[in-house]
Each structure stands twice: as C-alpha cells, then as structure tokens.
Amino acid sequence: MERRLGVGRGPDVVVAEDRVTLAVTGSDGAVAMQLHKPWFRFRVTVKDGNGAVLGHVRKRIRLGKAVFTVTGPSGEPVGKLLSENWRSRDFRFEATSGQEVARVTKKWRGLLTEVFTDADRYAVTFPMSTDDSVRQLALAAALAVDLTMKQKDYGSPLDLIDF
C-alpha cells in the first residue's frame, strides 16, 4: 500500500509499507533524484532520475552533535555531514580531505510554523569549486537530515488532507 504526500507542493513523498521515498523534480517535472529510507532506519539510499545509485547517507548513532557519513555508489567514503550545534540546525559537509565543500542551514520559519507544522526550510550552499557529484550528495545529505531526524516515519492524519 502506498500513499502520496505533498504532490504539487514541492518534492513528492511516497509513504509505503516498508519505506519513505522522496522524489526531487526539476522545473519540467522530471525526477532528478530520489531518496529511499526504510522505516525505522538511519540509512538513506540516493538514486538519480534513472534509478542508478549515486550513494548512501547514514546517520551515525552517538551522543552529542549529529554526524552523517556519505558514501559513493560502491561504498567508498565521499565525506561527512557534521552538525555544528546540539540543535542540529547548521551542518558543514566535509570531503574526505577534511575540506568544507558545502554548508547546510535550517532556516527559522517563525514560532507558529515551527510549533504547529512539520514544514522545514533548508539552504545548501557550495563553493564554486565543488564537483557536481559532491553537490548532488551534499543536497541529498541535507534532505536525509530531514528524513532521519525531523520527520516521523508513520506520517500524520493531516498528511491526507490536501490544503
């Protein structure tokens, strides 16, 4: 059984019996990237629009600041997404060399929005020298933060209402 959430209001989210899938589409509506997260897991698989695996993002279980490891399609390390504070609002994406290649910031949406909705807004910024494949995985890592830390796996009855 599947149900679609958020159709026509940004990325499509499909909730199935065993996973959550987030589809990132271009302005033409074509799928550019998909993220698949099995329920109650901290690993997200990232695929391109054709279904080829781009890599994986895994939240490491630890106390303190959140850390996500990012690997390529065959499991080779690409980098880490490191929380800069205990609230997990600001992250830096470091390549395996330790150099920062992207920054992820969760934007404040106002008290009412933060308290009464699951709506979040993130900004992902890159230096001009960042490789396109690393940019894709950094964007996927930002979305994986939301999928693994901020969203509920079981959905909400309000998700079925199209406002």
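The values are calculated or read from the model by the stated rules, or taken from the named source; none is laboratory data. The shown structure was predicted, so the numbers you read here are calculated from the model rather than taken from an experiment. Reconstructed Cβ throughout: ideal geometry from the backbone, glycine too, with neighbour counts over all protein chains shown.
The table below lists the values:
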quantity: Filter result for Ala95 (surrounded by 15 or more Cβ atoms within 10 Å (Cβ to Cβ) and small (Gly, Ala, Ser)); calculated: yes
quantity: Qualifying residues in region 98-119 (those that are closer than 19 Å to Val57 by Cβ and of a type in the set (A, V, I, L, M, F, W, C)) - the one modelled with the lowest pLDDT; calculated: Val104
quantity: Selection status of Thr45, closer than 20 Å to Ser133 by Cα and under 14 Å from the mean Cα position of the chain (by Cα); calculated: yes
quantity: Boolean, Thr71 is on the phi < 0 side of the Ramachandran plot, surrounded by 11 or more Cβ atoms within 10 Å (Cβ to Cβ), among the hydroxyl-bearing types (Ser, Thr, Tyr) and at pLDDT 85 or above; calculated: yes
quantity: Top-ranked residue in region 48-65 [being under 24 Å from Ala23 (Cα atoms) and among the hydrophobic types (A, V, I, L, M, F, W, C); ranked as nearest to the chain's Cα centre (by Cα)]; calculated: Val57
quantity: Count - residues of region 30-81 that are assigned to a strand (DSSP E or B), in contact (Cβ under 8 Å) with a residue 40 or more places away in the chain and farther than 16 Å from Leu143 by Cα; calculated: 1
quantity: Region 82-99: number of residues that are in contact (Cβ under 8 Å) with a residue 12 or more places away in the chain and assigned to a loop (DSSP other than H, G, I, E, B); calculated: 6
quantity: Evaluation of Asp28 against (1) more than 16 Å from the chain's Cα centre (by Cα); (2) at positive phi (one fails), failing number; calculated: (2)
quantity: Counted residues, region 120-163 - those being under 23 Å from Lys107 (Cβ atoms) and at pLDDT 55 or above; calculated: 28
